Amino acid sequence: METGTLICFIISAVFIQTNHAADFHGHSVTFLSLQRKLDGTIPLSLLSRENGRSSCSSQVLYSCDGGKCGNFTRGMAAETTNDSTGGKRWCQTEQESSTELTAGAKVVSLSASGCCWLSDADSVQNWNATAQLNLGKRSDTYAINHCPITATVASQRVPQNCFTKVRLLAHDPDGDEVKCRFAVNATANIVLDENKCTLSSNGTLSVGVHVFELMLEDFPLRNINLTYPDGTEVLLNAADPNLDPLCSVKLLFSLEVLAPLPSCELGHVQPMFLSKTPSQNALLYASVGKTINIYAEAQAQHNHIRDFQISGPRNMTKVFKDNLHGKAEVSLSWTPKHEDVYRHVPVCFTAETDETQSEMRCVVIVVTKSTLTQGKANVLCKSNMMTVMLDKASMPGIDVNYLMLLDKSCSLTSNSTHIMGTITFSACGTKIEDKGDFIVFSNEIDSFELPSEVITRRKKVKIDFSCQFPKFLSISTYFNLHQDDYIFTESTFGSFGYTFGIYKDGNFTKKIEANEYPVEVKLFDMIYMSIQAKSDMQEVTMFVESCKATPDDNPDNSLNYDIIKDGCRVDETLAVKTSTDTTYNFEIQAFRFTGSNDQVYITCSVILCEKGNEYSRCSQGCVENTITARRRRRRGVSKETMDHRITQGPLLFVGETIPLDNDNYSEDDQTLITTPAPVENEMERKRLRAMAPVTTLPVLVTWTESEELDDDSEDHHRGIRDHLSSNLIAVTFAIAFFVAIIIMVILVCYFTKKRRQEDRKMLLGSN
């Protein structure tokens, strides 16, 4: 989609009101990347998305407060989506606007206002849009701050009795903390989680349209300096509770509360996203000129999904497919252009039926350059090295003998058509630059002259080349049913990756393939998992700092279970198997979450460290107070990566039906309740007591991290499974045998006593 957003002076309030009369659904704005020119001025480009109902041809008109802007140039508003059913229930347009900020500007403030919101239950008519950005250069990214990225679909709808939570997109390209707050008072019975940017209810909402004006603000997580062209510098203390935000953008959106549904079960009447769909706030990566595909799938078993509502870039295409059993899917395709490089593009979507819609999911597409071409110099970027190739035909007279890299000791080679060089990121003078979400490795090819030369007929050559990587990159362009491979990039370690897999046995040789997911397990099964680090650097070691289980692929779900925490084992069934510096093999025993959850995901936080470094987190092992541990580690000495999260799943629990005695059989409801056989181990007894009653429906499983268990413990778990698989016939024979022995003992005692009495009488008679 063409980048940009809304900007222009407000010509008049009346003009704005005419454009948006009774059809305004909401609005979001995105600042594109800003760079100060040599004369101090800053080209400013904005991209806006406007939501409407019957018509989306209008766009918000911003004015620049304080006279820091010139005249705005506005692009044409292009419609990106509409209601394909013809009901005109939603539409959205996108528009790019640009101007230039004056040389002395330190802050830019934009504002717009107008009328009218779509008729709503709160009788609100006028709306107000604002945006403000600090223009100082950050000391951590060496660039002007990036504002939070957000967007919504044009029309959000939820049944009155099914409203639980609305999760809004709040992504910051610089990795800052984003907080949300109401810019104006919201409708009654709505609660905002400012840290997670989610809306929930503490009461019943009235049927009708409710409108919201929400401010998103970003704050640095660590102390930084802001530098301005006049030489002034400002320190921002991240611990200051009164710190002003670096950027503030307002999100305006509406939420229509519908009539109640007979059932709020997800996937029944209300559509539910399936595991093929990307997670909320997922980062997806695309390269210039290469098409990225995003797939989403939803199901409503007792309803018909007619369409998917999309909020995305203007040149994104959508293909809808209606499948069997109430399922439907959508394929979104987008090809970034050169001007999209470094953009963070929001994409939101919902599955639509006539009566309701699914939750809103939002992802962010990060646009990068996978390879960089300068003239006829082609660069191939690999995990920890880059290869540059110069086309001789494009540069007549070039001589490989008079070319050098930044480090003159590194040489280039050639063949009949090309001049080539392969350079690792830590050699040949390669420069490393941290640009926020990206790491750039750069070098250059220069020509040189011999000191003894008086004249030369060789052309001067100066060719810059580089590779850039996002600090995090998932190998897949979308989250499939199963994911286990991740790539990360950091300046000290270059690019490195992790593989997170599940295996069929404790030998860790037979990996469960993607088409075998979800992995079905039973209670007390042992689950064999392995995390492996991949790096071109030889002297590294891996540390698993934490692992936790959640019922979905959101690792921040409030319902979670710690397996490993702060490097310490939490689950008592976890056992670490034979591992290496870059491999972590472990097994855990399956158990279930309470409630109706039917799947489980495992998310682990891993760190890569320089091998043998006593100050690194890897060397510390289990530390109960990680904050104190960080303070004790010497900065700059503990050579290690950030902690990165990797996720595996889903895993599905399959229950077993076991015959029971009459106490567990109800004549009223004729329901057979399953219960495990008696277990001698006290730990298992407590766990089963906490889980009862267990139904025959699927239940959720989780795992915990590894603890060293000996062979006796393994035999114990095997014995438990044997007990559970026993049947009542064997028990009956055992009881009968025991009773027979008792009767026999009683008879023997009786006849022995009787014989003694008879012998005594005989002795008395003989006397």
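The values are calculated or read from the model by the stated rules, or taken from the named source; none is laboratory data. Because the structure is predicted, anything quoted here is derived from the model rather than measured. Reconstructed Cβ throughout: ideal geometry from the backbone, glycine too, with neighbour counts over all protein chains shown.
Quick notes on this structure:
Here's the yes/no breakdown for (1) closer than 26 Å to Thr81 by Cα; (2) touching a Pro at 6+ places or on another chain (Cβ under 9 Å); (3) of a type in the set (A, V, I, L, M):
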{"site": "Cys91", "(1), (2), (3)": "yes, no, no"}
{"site": "Trp117", "(1), (2), (3)": "yes, no, no"}
{"site": "Asp122", "(1), (2), (3)": "no, no, no"}
{"site": "Asn126", "(1), (2), (3)": "yes, no, no"}
{"site": "Arg157", "(1), (2), (3)": "yes, no, no"}
{"site": "Cys162", "(1), (2), (3)": "no, yes, no"}
{"site": "Arg167", "(1), (2), (3)": "yes, no, no"}
{"site": "Asp174", "(1), (2), (3)": "no, yes, no"}
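- Subset of region 595-617 (residues that are in contact with a Gly (Cβ under 9 Å, 6 or more places away or on another chain) and either free of Cβ contacts under 8 Å to residues at least 24 places away in the same chain or of a type in the set (A, V, I, L, M, F, W, C) (or both)): Val600, Ile602
- Region 251-271: number of residues that are out of contact with any strand residue (DSSP E or B) (no Cβ under 9 Å at 6 or more places or on another chain) and within 18 Å of Val207 (Cβ to Cβ): 1
- For region 385-405, the set of residues classified as modelled with pLDDT under 70, of a type outside the set (Val, Ile, Thr) and part of a loop (DSSP other than H, G, I, E, B) consists of Met395, Pro396, Gly397, listed by residue number.
- Taking each residue of region 405-432 that is under 15 Å from Phe465 (Cα atoms) and looking for partners that are of a type in the set (Phe, Trp, Tyr) with beta-carbon atoms closer than 9 Å, six or more apart or interchain, yields Ile423/Phe441; Phe425/Phe441; Thr430/Phe441; Lys431/Phe441; Ile432/Phe425; Ile432/Phe441.
- Every pair of residues 6+ apart whose Cβ atoms lie under 7 Å, when the first sits in region 499-513 and is more than 18 Å from Tyr601 (Cβ to Cβ) while the second is loosely packed, with under 13 Cβ neighbours inside 10 Å: Lys504/Lys510
- Region 547-600: number of residues that are outside any strand (DSSP E or B) and hydroxyl-bearing (Ser, Thr, Tyr): 7
- Matching residues, region 264-313, being acidic (Asp, Glu) and either under 28 Å from Trp334 (Cβ atoms) or at pLDDT 90 or above (or both): Glu297, Asp307
- Test: residue in region 287-301 that is touching a Pro at 6+ places or on another chain (Cβ under 6 Å) and touching a residue at least 60 places away in the same chain (Cβ under 8 Å): yes
- When residues of region 284-294 are limited to those that are surrounded by 18 or more Cβ atoms within 10 Å (Cβ to Cβ) and not small (Gly, Ala, Ser), the one farthest from Gly649 (Cα to Cα): Ile292
- Asp556 passes every criterion in (1) crowded, with 21+ Cβ neighbours inside 10 Å; (2) at pLDDT below 90 apart from (1).
- Among the residues of region 499-521, the ones that are small (Gly, Ala, Ser) and assigned to a loop (DSSP other than H, G, I, E, B) come to 1 in all.
- Residues that are crowded, with 22+ Cβ neighbours inside 10 Å and either closer than 18 Å to Ser84 by Cα or not assigned by TED's automatic domain parsing to the domain that holds Glu50 (or both) within region 315-355 comprise Ala328, Leu332, Cys348, Phe349, Thr350, Ala351, Glu352, listed in sequence order.
- Candidates in region 516-533 are the residues that are under 22 Å from the mean Cα position of the chain (by Cα) and free of Cβ contacts under 8 Å to residues at least 60 places away in the same chain; of these, the one that is farthest from Phe591 (Cα to Cα) is Gln532.
- Note on region 200-232: residues that are in contact with a Lys or Arg (Cβ under 7 Å, 6 or more places away or on another chain) and farther than 22 Å from His146 by Cα total 1.
- Any hit, region 63-73, residues being in a loop (DSSP other than H, G, I, E, B), surrounded by fewer than 23 Cβ atoms within 10 Å (Cβ to Cβ), assigned by TED's automatic domain parsing to the domain that holds His146 and modelled with pLDDT under 70: no
- Every residue from region 411-441 that is at pLDDT below 80, within 41 Å of the chain's Cα centre (by Cα) and part of a loop (DSSP other than H, G, I, E, B): Phe425, Ser426, Ala427, Gly436, Asp437
- Here region 314-349 is the region considered, the condition is being β-branched (Val, Ile, Thr) and modelled with pLDDT of 90 or more, and the residue that is farthest from Val269 (Cα to Cα) is Thr335.
- Going through (1) in a loop (DSSP other than H, G, I, E, B); (2) of a type in the set (A, V, I, L, M); (3) surrounded by 15 or more Cβ atoms within 10 Å (Cβ to Cβ) one by one, Met76 falls short only on (3).
- Residue in region 620-633 that is surrounded by 14 or more Cβ atoms within 10 Å (Cβ to Cβ), at pLDDT 85 or above and touching a strand residue (DSSP E or B) at 6+ places or on another chain (Cβ under 8 Å) present: yes
- In the set Leu251, Leu261, only one residue is modelled with pLDDT of 95 or more, aliphatic (A, V, I, L, M) and more than 20 Å from the chain's Cα centre (by Cα); that residue is Leu251.
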